[in-house]
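The values are calculated or read from the model by the stated rules, or taken from the named source; none is laboratory data. In this text the structure is predicted, and so the values were computed from the model without any measurement. Using ideal geometry, Cβ is built from the backbone for each residue, glycine included, and neighbour counts are taken over all protein chains shown.
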Amino acid sequence: MNRYPLWKNLLILGVFLVGILYALPNLFSQNPSIEVTATRGAEITDTSVAEIKAALENAGVEYKAVEMLEGGKLLVRFATSGEQLRGQEAIEGTLSDRYNSALTLAPDLPGFLRALGIQPMFLGLDLRGGIHVLIDVDMDAAIDQALERYTEDIRSLLRNKKVRYLTVTRDEGRVKVKFRDAETRDKAGKLIGKEFRELVLDTGDDGTAFYLYGSMSPADELEVKKSALEQNITTLRNRVNALGVAEPIIQQQGERRIVVQLPGARDPGRLKEILGATATLEYRLVDTEHSVQDAVDGRVPVTSKLYKDREGRPVLLLRRVIVTGDQITRAKAGFDNRSGTPMVRITLDGAGGRRMYNTTLDNVGKPMAVVFIENRTITNMVDGKPVKRNVRTEEVISVATIREPFGSTFQTTGLDSPNEAHNLALLLRAGALAAPIEIVEERTIGPSLGQDNIDQGFRSVMVGFVVVVLFMALYYRVFGLVADVVLLVNLMMIVAVLSLLQATLTLPGIAGIVLTVGMAVDANVLIFERIREEIRNGSSPQASIHAGYDKALSTIVDANITTLIAAVVLFSFGTGPIKGFAVTLFIGILTSMFTAIMGSRAIINLLYGGKRVQRLPV
Amino acid sequence: MRMIKFQNIDFMRWRWQAILLSTAVNLIGIASFFVQGLNFGLDFTGGTVIEVGYREPVDLAQVRSALAQGGFQAGVVQHFGTSRDVMIRLPPVEEQSSAQLSELVFGALSQDAAGEVELRRVEFVGPQVGEELAEDGGLAVLYALIGILIYVWLRFEWRFSVGAIIATIHDTLVTVAVFSLFGLEFDLTVLAAVLAVIGYSLNDTIVIFDRIRENFRKVRKGSVLDIVNRSINETMSRTIITSGTTLMVVLALFLFGGQVIHGFALALIVGVVTGTYSSIYVATAAAVMLGVSRADLMPVKKEGEGLDAMP
């Protein structure tokens, strides 16, 4: 009686060993480190190692090691975070033109763990320090832009097909086309319906004029929003990568939010500057039919808009946009084969390529302009109070003549220097934000506070743990010691699962672990109390053990499932701290059921199973 | 070793007094909630919290004057943990400009302290996000309750389910009432603690319910009250030990876990105490008063049930 079959013992042993393996990396200390990457045009080579070592030695900063990592990165390890910070100053001070440096924590793992790719727990920003930003994407603006595009497209479609319309305007979230008679309207309706299947068409008239309304279908709106969010995430990722932060997290949250987390980063101002600017490009034809001077004097034709180039000279461009920055898929700086002058080679997506081809086919020999549009928020101090205002810069960055029709691949020449080509390419490549963004939440944790949080969290877990362990051993004697062993295993299993899943451990997460420690004991208390009851009722020791585990099982499962329900709800509705707590609570309940029921039974079976026992030390 | 022998204590004898006590406490809590309201934290109100660490102990008046010189009508300035750490809380700004506020504030402070100050933490929550967090939090509590209601209903009986829910609401109210009465800050982590309390309180309740169900099936003699009392007595030592160990752990969290989770730990302390009490005097008492009877808990005999169990 009370013996586990071999497979069950092996299973428990197996889980235990895997647990040890995954928990192991957490025993090794994490070195405050600097991750060094090369800036544009530079490369990490063996000489970089020497350079960085020299820079650190010159500044008198002690380092532990400089290692080459995969993917052209260097890792400089330090003993303390103070040296790490001075090290960064030294590297940035002397080598910032070629290298980006980012603060990070690198576990000091032995080779075999590194080879297995086993990582320690991923510490949340509240434990390691860093910046957390929640960004809201202005979806109304994205929809607005899409409608604007439709308005332009319908106008040019009707013009090309020679359908006589009076006006094409935007009207409360839809496109309104005005016609003189119903016949033309219906003809136009068919045309538009065929060309823009995603538009929902509607008609109306007010006695004198006939109207055709085109509104976006819900599916189309959803698509526009989805792609706006996706593009914003890509763009933000590119921009954040330019910051050179180790392990940045850029994720979608909900339908219109983006989370940016930069572990180890300490300057929220710089991040916000980079995130805040929104830049886009537009290719437009130059209006060659109207006089620029007239426009400057205030007589701007309806179809055109007045811009200025970088020298401040006025340029008159057609309102119709050929392609926008979000249609650019690639941009690369180089030199023109024929003239040897700097150029940027641009690749457009399919739709952009078609539009470009159609436009350039009709306009060979005419000039085309690239407009750079940037929105950024500037904070000024007015009467001692910060005042924000949005600044929109629109400038023509280049005007070039269309030599021949071209489609999705073309090049822009006439740039002043290779440097300018390089910057333009970068600008084009980093892409534009599809919709304006706004920072709605920010949490910055300084590195020292992170360390404090780790220390305090660790200390409270230890104190709680020791108190519970002592109590159990005193109260339940041998059985209590068994409970203590499985509690320790449980703690290790939680750490192992967290490391395995690479789930983020936060301070509330540590609180969740602490709570699980308290509650994990409950399963064993239930079992042991049952065993005592059985003994009091006169059962034999073996039968008591058996009945104790048996009868307590349904109670334990019921009790844990209700807590599990709470944990799941917390996880699905919670954000930030709540989520962190729910994760460890959830994992803790599962591992505690395993260790407290199966683990403790296995040990007790080994101790007492199949033996003659007179009295149970419970 | 056994601490106390629980055998024949008539717990249910005091159920009316207990109901009076619970009702009174809850009414005070609700009254306080309406009169005083809750001191909602940054997570729910929106605004900016800046925590800075000075190298030397610093006078709050000095910090306030530095802020005033920078042109900030500071909301709350207080020490946080030690006399060198200062927490500044600023109300939400109407226009969405507060993202940069933290830097300006820190700029003003470090200018005043000649760089002897370190930025430890900045939290900015937009007013809109605050509303959403509050809404999501409320929803989380609601859904947790519904999920648990359904589970207990399926596993036990509707009277137990209702009893468990009343007890859960009771515990939530008491915990929130403590925060309202003493004007303690109620933030997201406290909300998480309230949800943990729900889980804990239920855990405790289910253990007793489980024993009542078992005894109803096993013991043929005795009134409903006798069996309920007997079940409570039988589970009492477990209740005390588990509550005790959990309380010890939560106390460790309260004493050593640091300022950030002080509210969290306090909510748990309150919750563990009230959760233990409510399992007996709210959940069980309510189920008894709703008329739980032996017949309700007898296993439903289905035809062919025995066959299913055969291999």
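Results, tabulated for the structure shown:
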{"read-out": "Count of segment B:146-158 residues which are surrounded by fewer than 21 Cβ atoms within 10 Å (Cβ to Cβ) and either modelled with pLDDT of 85 or more or facing chain A (nearest Cβ under 9 Å) (or both)", "value": "9"}
{"read-out": "Single match in A:SER544, A:SER540, A:SER554 (criterion: more than 38 Å from the chain's Cα centre (by Cα), modelled with pLDDT under 90 and of a type outside the set (Val, Ile, Thr))", "value": "A:SER554"}
{"read-out": "Residues that are without any contact (Cβ under 8 Å) to a residue 40 or more places away in the chain and under 16 Å from B:LEU290 (Cα atoms), drawn from segment B:210-225", "value": "B:SER223"}
{"read-out": "Hey, A:PHE196 aromatic (Phe, Trp, Tyr) and closer than 25 Å to A:TYR283 by Cα or not", "value": "yes"}
{"read-out": "Unique residue being more than 9 Å from chain A (Cβ to nearest Cβ), surrounded by fewer than 24 Cβ atoms within 10 Å (Cβ to Cβ), closer than 25 Å to A:LEU491 by Cα and of a type in the set (A, V, I, L, M, F, W, C) when the list is B:ILE169, B:ILE240, B:ILE232, B:ILE165", "value": "B:ILE240"}
{"read-out": "Breaking point among (1) closer than 16 Å to B:ASP112 by Cβ; (2) in contact with a Lys or Arg (Cβ under 6 Å, 6 or more places away or on another chain); (3) more than 9 Å from chain A (Cβ to nearest Cβ), for B:VAL76", "value": "(1)"}
{"read-out": "Within segment A:30-75, tally of residues that are small (Gly, Ala, Ser) and either modelled with pLDDT under 80 or closer than 16 Å to A:ASN100 by Cβ (or both)", "value": "8"}
{"read-out": "From the options A:PRO120, A:PRO107, residue that is at pLDDT 80 or above and surrounded by fewer than 20 Cβ atoms within 10 Å (Cβ to Cβ)", "value": "A:PRO107"}
{"read-out": "Residue count, segment B:104-126 (criterion: surrounded by 16 or more Cβ atoms within 10 Å (Cβ to Cβ) and more than 9 Å from every other protein chain (Cβ to nearest Cβ))", "value": "8"}
{"read-out": "Filter result for the condition that a residue is touching a Leu at 6+ places or on another chain (Cβ under 7 Å), in a strand (DSSP E or B) and closer than 23 Å to A:GLN261 by Cβ, over A:LEU134, A:LEU75, A:LEU103", "value": "A:LEU75"}
{"read-out": "Residue in segment A:445-463 that is farthest from B:PHE106 (Cα to Cα), counting only those that are more than 7 Å from every other protein chain (Cβ to nearest Cβ) and out of contact with any Leu (no Cβ under 6 Å at 6 or more places or on another chain)", "value": "A:MET462"}
{"read-out": "Complete set of residues in segment B:243-290 that are part of a loop (DSSP other than H, G, I, E, B) and either more than 12 Å from chain A (Cβ to nearest Cβ) or in contact (Cβ under 8 Å) with a residue 60 or more places away in the chain (or both)", "value": "B:GLY258, B:LEU290"}
{"read-out": "Residues of segment A:183-201 satisfying the condition of being surrounded by 14 or more Cβ atoms within 10 Å (Cβ to Cβ) and assigned to a helix (DSSP H, G or I)", "value": "A:THR184, A:ARG185, A:ASP186, A:LYS187, A:ALA188, A:GLY189, A:LEU191, A:ILE192, A:GLY193"}
{"read-out": "Test: A:ASP455 is farther than 20 Å from A:VAL15 by Cβ, crowded, with 24+ Cβ neighbours inside 10 Å and either within 25 Å of the chain's Cα centre (by Cα) or assigned by TED's automatic domain parsing to the domain that holds A:PHE586 (or both)", "value": "no"}
{"read-out": "Given (1) farther than 19 Å from B:GLY271 by Cβ; (2) within 8 Å of chain A (Cβ to nearest Cβ), index of the condition B:ILE206 fails", "value": "(1)"}
{"read-out": "Residue in segment A:202-220 that is surrounded by the most Cβ atoms within 10 Å (Cβ to Cβ), counting only those that are out of contact with any Asp or Glu (no Cβ under 7 Å at 6 or more places or on another chain) and part of a loop (DSSP other than H, G, I, E, B)", "value": "A:ALA209"}
{"read-out": "Cβ-Cβ under 6 Å pairs, at least 6 apart or on other chains, segment A:348-359 side assigned by TED's automatic domain parsing to the domain that holds A:ARG284 and over 18 Å from A:GLN411 (Cβ atoms), far side not charged (D, E, K, R) and not in a helix (DSSP H, G or I)", "value": "none"}
{"read-out": "Segments classed as helices (runs of 4 or more DSSP H), wholly inside segment B:15-120, with at least 1 members that are at pLDDT below 85, over 31 Å from the mean Cα position of the chain (by Cα) and closer than 23 Å to A:ASP267 by Cα", "value": "B:60-69, B:101-112"}
{"read-out": "Criterion violated by A:GLN252 - all others in (1) among the polar types (S, T, N, Q); (2) assigned to a strand (DSSP E or B); (3) within 24 Å of A:GLY325 (Cα to Cα); (4) in contact (Cβ under 8 Å) with a residue 60 or more places away in the chain satisfied", "value": "(4)"}
{"read-out": "Segment A:568-581: number of residues that are more than 7 Å from every other protein chain (Cβ to nearest Cβ) and more than 22 Å from A:GLU442 (Cβ to Cβ)", "value": "3"}
{"read-out": "Hits in segment A:196-229 (condition: of a type outside the set (Lys, Arg) and within 23 Å of the chain's Cα centre (by Cα))", "value": "A:LEU222, A:GLU223, A:VAL224, A:SER227, A:ALA228, A:LEU229"}
{"read-out": "Flag for A:PHE78 being surrounded by 13 or more Cβ atoms within 10 Å (Cβ to Cβ) and in contact with a Phe, Trp or Tyr (Cβ under 6 Å, 6 or more places away or on another chain)", "value": "yes"}
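The rows are residues; the columns are (1) assigned to a helix (DSSP H, G or I); (2) more than 9 Å from chain B (Cβ to nearest Cβ); (3) farther than 30 Å from A:ASP452 by Cα.
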{"position": "A:PRO508", "(1), (2), (3)": "yes, no, no"}
{"position": "A:ILE513", "(1), (2), (3)": "yes, yes, no"}
{"position": "A:ALA523", "(1), (2), (3)": "yes, yes, yes"}
{"position": "A:LEU526", "(1), (2), (3)": "yes, no, yes"}
{"position": "A:ASP550", "(1), (2), (3)": "yes, yes, yes"}
{"position": "A:ILE565", "(1), (2), (3)": "yes, no, yes"}
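To keep it simple, each residue is scored yes or no on (1) crowded, with 20+ Cβ neighbours inside 10 Å; (2) more than 38 Å from the chain's Cα centre (by Cα); (3) part of a strand (DSSP E or B).
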| site | (1), (2), (3) |
| --- | --- |
| A:LEU316 | yes, yes, yes |
| A:LYS332 | no, no, yes |
| A:SER339 | no, yes, no |
| A:ALA351 | no, no, no |
| A:MET356 | yes, no, no |
| A:LEU361 | no, yes, no |
| A:GLY365 | no, yes, no |
| A:VAL371 | yes, no, yes |
